[in-house]
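The values are calculated or read from the model by the stated rules, or taken from the named source; none is laboratory data. Computed from a predicted model, the values in this text were never measured in an experiment. Glycine gets a Cβ as well: all are built from the backbone with ideal geometry, and neighbour counts include every protein chain shown.
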Amino acid sequence: MDGVSRRSRQGVLLVISAPSGTGKSTLLNKLRDEFTRLAFSVSYTTRLPRGGEVDGREYHFVDPDTFSHLRKTGDLAEWAQVHGHFYGTSRPAVQRMLDEGRDVLFDIDVQGARQLRQAFHQGAFIFLFPPSMQVLEQRLRGRGTESEESVAQRLSNAHRELEQADSLDYWIMNDNLEQAYQDLRAVYLAETLRRSYHPRLQDDVLRGGSDPAA
């Protein structure tokens, strides 16, 4: 049962922020492989699809006017402009998944994480640290796909993100992939046991209406 509560419960918001090159994607893929009830939020974007991308899978691709309308009507839980394009999260879609008991996973920057906290007032907010800025630089250069300008920009962004890490609740260092995964897994499992996600559990037990074998 994915290692989570066997009874019906409210879904959990799991938000992870980390500088590029920290190993975040590897950790999130491992988590989703183990816990199938975790769903990624599909964002809106005004940029054009890239090769192999499918509307509704990687992103909901919309024009700037549509995005502006979503923003003005309050349908976006968070939004940002990145490299001249807008990106945003659908508040109704996320709330629907949470109400259905699905846990929603976000890979987002610190600014977006703060907006999500204000929008939903719940969730586990995690910052993933590299062992050091020197190691982070080595990882970025080791990709062999980054220009000097790109490496410098990513390091500058990383420094800014690290300075804002205290706005998130949990800190995990990825100096050992397996240990970092166990730490991430522990935070997620602990969050699923928070009282607020189980509004009917107490009454079910007191009234004898629950089935322990369910």
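Of the residues that sit in segment 41-84 and are under 17 Å from the mean Cα position of the chain (by Cα) and part of a loop (DSSP other than H, G, I, E, B), which one is nearest to Leu14 (Cα to Cα)?
Ser41
Which one of these does Tyr87 not meet: (1) touching a residue at least 60 places away in the same chain (Cβ under 8 Å); (2) in a strand (DSSP E or B)?
Tyr87 satisfies every listed condition except (1).
With respect to Tyr44, is the statement that it is touching a helix residue (DSSP H, G or I) at 6+ places or on another chain (Cβ under 7 Å), surrounded by 13 or more Cβ atoms within 10 Å (Cβ to Cβ) and in contact (Cβ under 8 Å) with a residue 40 or more places away in the chain true?
Criteria met by Tyr44.
Please specify each residue of segment 92-120 satisfying the condition of being closer than 16 Å to Tyr59 by Cα and of a type in the set (Gly, Ala, Ser). Outline the logic, then answer.
To start, the set of residues in segment 92-120 that are closer than 16 Å to Tyr59 by Cα comprises 92-94, 104-108.
Result: Ala93, single match.
Does Arg102 satisfy being at negative phi, of a type in the set (Lys, Arg) and in contact with a strand residue (DSSP E or B) (Cβ under 6 Å, 6 or more places away or on another chain)?
Values: at negative phi: yes; of a type in the set (Lys, Arg): yes; in contact with a strand residue (DSSP E or B) (Cβ under 6 Å, 6 or more places away or on another chain): yes.
Yes: the conditions hold for Arg102.
Tell me, which residue of segment 132-149 that is out of contact with any helix residue (DSSP H, G or I) (no Cβ under 8 Å at 6 or more places or on another chain) and in a helix (DSSP H, G or I) is nearest to Gly23 (Cα to Cα)?
Step one: filter segment 132-149 for residues out of contact with any helix residue (DSSP H, G or I) (no Cβ under 8 Å at 6 or more places or on another chain), giving 132, 134-135, 138-139, 142-145, 147-149.
Pick out the ones that are also in a helix (DSSP H, G or I) and you get 134-135, 138-139, 142, 148-149.
Working: Gln134: 15, Val135: 12, Gln138: 13, Arg139: 9, Gly142: 13, Glu148: 20, Glu149: 21 Å.
Ranking the qualifying residues of segment 132-149, first place goes to Arg139.
I need every pair where a residue in segment 18-29 that is more than 13 Å from Arg139 (Cα to Cα) has its Cβ under 6 Å from the Cβ of a residue that is at pLDDT below 95 and small (Gly, Ala, Ser), sequence separation at least 6 or different chains.
Nothing qualifies.
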